[in-house]
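Have a look at the structure below, then the notes.
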Amino acid sequence: MAEARDSGLPGSLRTTLFACAIVAAACGQGCKKRGAHPPPEYVVRQRNAILRLTNRERAETGSGPLELSAELNAVAQAHAQDMALAGYFSHTGKDGRNSTDRLRDAQVEFATAAENIAEYPAHEDIAAEVIKGWMDSPAHRESLLDPSFRRMGVGVAATEDGYYLYVQLFAD
């Protein structure tokens with residue numbers, strides 16, 4: 001993750017200006033508040049891009065395509081939003097629960113599941129960078145290419161400092 005550069009402005013003003021510029025450029029919207037949902041059309045575009053790029057990687061290894069799941073999208077979105085609102089970045093929520101706990105809480109049926117998370121500054125081709133980062137990490141790559149998974153959900157949330165949090169959730 002890139003560090004914010006010191007512009008000499010007071011921290012809160014620097015953070016606010018940086019967040020406004022990045023989010024406005026990425027979404028075509030005004031400045032977003034901490035943990036605000038990106039515009040729904042942006043989330044849909046990112047979900048579709050992550051699905052397309054994930055399935056392209058999976059096709060190269062014969063893993064079979066994934067389908068987007070509304071229930072996995074909802075669980076992934078809730079975790080991305082929680083991280084943005086509470087100011088943390090982890091597979092484990094502030095409540096101590098992990099991805100399989102969250103799936104059970106949402107009454108999603110699954111035998112196996114996995115989760116990838118990413119945090120990147122907003123920019124035009126962010127989905128490709130997120131997938132590249134996951135593919136460059138052995139553990140994330142393993143989840144992304146696991147042939148037992150057939151469903152995927154994606155959550156996207158904005159942080160107050162201009163980053164987007166991505167949650168990619170897999171289930172069989």
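The values are calculated or read from the model by the stated rules, or taken from the named source; none is laboratory data. Being a predicted model, the structure only gives us computed values, none of them experimental. In this analysis, Cβ positions are derived from the backbone assuming ideal geometry, glycine residues included, and neighbour counts consider all displayed protein chains. All accessible areas refer to the heavy atoms of the entire protein, side chains included, with ligands and DNA or RNA removed. Shrake-Rupley method; radii C 1.70, N 1.55, O 1.52, S 1.80 Å.
For the reader, a short list of remarks on this structure follows.
- Yes/no for His91 being surrounded by 13 or more Cβ atoms within 10 Å (Cβ to Cβ) and touching a Lys or Arg at 6+ places or on another chain (Cβ under 9 Å): no
- Within segment 58-73, the set of residues being open to solvent by 60 Å² or more (accessible area, probe 1.4 Å) and out of contact with any Lys or Arg (no Cβ under 7 Å at 6 or more places or on another chain) comprises Ala59, Glu60, Thr61, Gly62, Ala70, Glu71.
- When segment 133-143 is filtered for residues that are assigned to a helix (DSSP H, G or I) and more than 24 Å from Pro38 (Cα to Cα), the ones remaining, listed by number, are Met135, Pro138, Ala139, His140, Arg141, Glu142, Ser143.
- Within segment 20-61, considering residues that are hydrophobic (A, V, I, L, M, F, W, C) and at pLDDT 95 or above, the one farthest from the chain's Cα centre (by Cα): Ala59
- Criterion (in a loop (DSSP other than H, G, I, E, B), touching a residue at least 40 places away in the same chain (Cβ under 8 Å), on the phi < 0 side of the Ramachandran plot and among the aliphatic types (A, V, I, L, M)) met by exactly one of Val108, Val156, Val130, Val167: Val108
- Answer residue from segment 126-169, given it is open to solvent by 60 Å² or more (accessible area, probe 1.4 Å) and in contact with a helix residue (DSSP H, G or I) (Cβ under 6 Å, 6 or more places away or on another chain) and is modelled with the highest pLDDT among those: Arg141
- Residue that is nearest to Gln77 (Cα to Cα) [pool: residues in segment 107-125 that are open to solvent by 10 Å² or more (accessible area, probe 1.4 Å) and among the polar types (S, T, N, Q)]: Gln107
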